[in-house]
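As structure tokens, the structure follows; a few thoughts come after it.
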Amino acid sequence: MWRDSFKLQIFCLLMAVLAIVVLVHNFFQVEHLDDDIVSGSSWITENNVQHSLSQTTKTTRKPYCDYKQQTLSKREQAEQESLLAAIQWPKPPSRKIAFVQSTDPASSDFMIVKPSGFFKVGDQLEVLVRMKDFQGKLKQYGGDYLQARIHSPLLKAGATGRIVDCHNGLYKVFFTLLWPGEVKVSVSLVHPSEAIQVLLRLREERPDRVYFKSSFKSGRYSETTECNVCLPGDLPVCNFTDLYTGEPWFCYKPRKLSCASRINHAKGGYQKGLLTQEESLFFQSDVNIKRPIFSSGPDSVIVKPKAFTESSNTDRDEDPTVSPSGYYYEDEWRSRTHWIHHFNKSDDITKCLQGKVIHLFGDSTIRQWFEYLTAFVPDLVEFNLGSPKNVGPLMSVDLKHNILLKFRCHGPPIRFSTVFSSELRYIANELNGIVGGRNTVIAITIWSHFSTFPVEVYIRRLRNIRRSIIQLLDRSPKTLIVIRTANVQELGPEVSLFNSDWYSFQLDSVMRKMFSGIAVHFVDAWEMSLAHYLPHNLHPKEVIVKNQIDAFLSYVCPLQT
């Protein structure tokens, strides 16, 4: 009897030990969904990253994509469907188009409708573009992505045009003639329709083509794993989804460290081998990426001044949907939606910003505003926060005039070099922490780092920011909020797959629609970069940034008219 009881106790003890072993094993294998983020610093070990990536790239399982699992209200769902429908792009008649049948900008041409007609300032100029393939045949379908502008080099004047796809190989471009003199027309093919279909496929199927990484550290031991909105496979992950906004972010769990030991975030790199051999032909710098389309006849018209007796207001149309939103004349941007004062003296900027707190949220394109203002205004001195120059956060102070200027990057995804985990902040959360008021100025831009993801990811981010803006304006209606739009950039075969102007154009279209109807103002960086004579650049040159700042400050300190 005693022996039977002893055997039973031994058996129970063994089962308890086994249960503990299983529990410990599961602890290191299950997904940890609620670990906290802690701050610190560490050097990232590249070997660990490569090891982590080698684990993930072998899997063929469908990636975990939280954007497909959103719970939306009926209104949010209807808005998302409407936004996606608005940016739907025309498709070729077949999924597989031979390269020789794709758009050839060298064979294509444009013609000015009524080039010898009489034009005066305020008139519309119509241009017809005919797209042909590499066999010289007129294309029978649309979907090419074009950019067009009018310009007068001697006057340093320029404006963008409105492009209409006729879906038969023909495109119409409409320009508003906004200054007198000889006005030239320029049209370029950014991507043929066949390349756009590749970009569409990559956006939906390969959101992991830019990958990120985080370091985890405890004592002297550190590990680095891959991170993203979408992670392939069924390996254990650390869930860093934001508790307030629901913005998803995941990292593969370190083998030996807890999720709470994460110390930083960084861009990992860009995936290679994304295209088939045939697809790569649609992305050639000297062939079909941002190539000019030449005129088959005259490429300019003479524009006469408007008679003084005519009362049309071509300069200041109060309609916020007016196109173009503005134009350059003598290298200065003249908005058609609000009066712009050109702040050519630092004293003018100081007077405008005196007593104000200026928050700049976003990416490196709005960081340019911080850098410009700090360099141009002598009394605005940068306070060293010990942050990396290209990452931030950054702060400049003018104690004499009580000015505080701050920059902070938006939360992931963001392709910056190493950012401390403690500095990963979502714009919506930052807005919720601002009291606001007549002396609070906020400028936001967010677009470039979302180009590789399905549009639903971007819509969710803007929805969260918009909600926080509305709440801020509700409690402090005199707070000034300005949105800086996207801008065009230089493109090559590789950059096109990650940051094409077409991606940016689509996101910019979504952003404008989502922020229309609320009390925010826009600085149209898109048109200001496209209409200018300087080469396209992700980070526009100073003359363009200066004009952006002028437009921004003209909202802060509007001219009395």
Residues of the stretch 438-457 classified as of a type outside the set (Gly, Ala, Ser) and farther than 14 Å from CYS230 by Cα, total: 10
Count of the stretch 135-147 residues which are under 22 Å from LYS96 (Cα atoms) and open to solvent by less than 60 Å² (accessible area, probe 1.4 Å): 8
Set SER476, SER504: member being exposed (fewer than 15 other Cβ atoms within 10 Å of the Cβ), at pLDDT 95 or above and among the polar types (S, T, N, Q): SER476
Of residues in the stretch 169-186 being open to solvent by 30 Å² or more (accessible area, probe 1.4 Å) and either of a type outside the set (A, V, I, L, M) or under 27 Å from the mean Cα position of the chain (by Cα) (or both), the one farthest from VAL322 (Cα to Cα): GLU182
Among residues of the stretch 523-543, those that are crowded, with 22+ Cβ neighbours inside 10 Å and closer than 23 Å to ASN344 by Cβ, counted: 9
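Residue-by-condition table, conditions (1) open to solvent by 90 Å² or more (accessible area, probe 1.4 Å); (2) modelled with pLDDT under 85; (3) within 25 Å of ASP501 (Cβ to Cβ); (4) not hydroxyl-bearing (Ser, Thr, Tyr):
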residue	(1), (2), (3), (4)
LYS58	yes, yes, no, yes
PRO63	no, yes, no, yes
GLN69	yes, yes, no, yes
SER73	no, no, no, no
GLU76	no, no, no, yes
THR103	no, no, yes, no
PHE110	no, no, yes, yes
ASP123	no, no, no, yes
ASP133	no, no, yes, yes
The stretch 405-437, subset assigned to a strand (DSSP E or B) and open to solvent by less than 50 Å² (accessible area, probe 1.4 Å), residue nearest to THR224 (Cα to Cα): VAL419
Some residue of the stretch 223-242 being more than 27 Å from PHE498 (Cβ to Cβ), in a loop (DSSP other than H, G, I, E, B) and small (Gly, Ala, Ser): no
Residue in the stretch 187-199 that is open to solvent by 10 Å² or more (accessible area, probe 1.4 Å) and either in a strand (DSSP E or B) or more than 21 Å from GLN284 (Cβ to Cβ) (or both) present: yes
Where a residue in the stretch 458-483 is farther than 17 Å from THR71 by Cα and its partner, wherever it lies, is in a helix (DSSP H, G or I) and not hydrophobic (A, V, I, L, M, F, W, C), with Cβ under 8 Å and at least six apart: SER468/ASN429; SER468/ASN432; GLN471/ASN432; LEU472/ASN432; LEU480/TYR555; VAL482/TYR555
Test: residue in the stretch 442-463 that is out of contact with any Leu (no Cβ under 7 Å at 6 or more places or on another chain), over 12 Å from HIS359 (Cβ atoms), charged (D, E, K, R) and not in a helix (DSSP H, G or I): no
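The values are calculated or read from the model by the stated rules, or taken from the named source; none is laboratory data. This structure is a prediction, so every number in the text was calculated from the model and none was measured. Every residue, glycine as well, gets a Cβ built from its backbone with ideal geometry; the counts of neighbours run over all protein chains shown. Ligands, DNA and RNA are stripped out before the accessible areas are found, and what is left, the full protein with its side chains, is counted by its heavy atoms. Shrake-Rupley method; radii C 1.70, N 1.55, O 1.52, S 1.80 Å.
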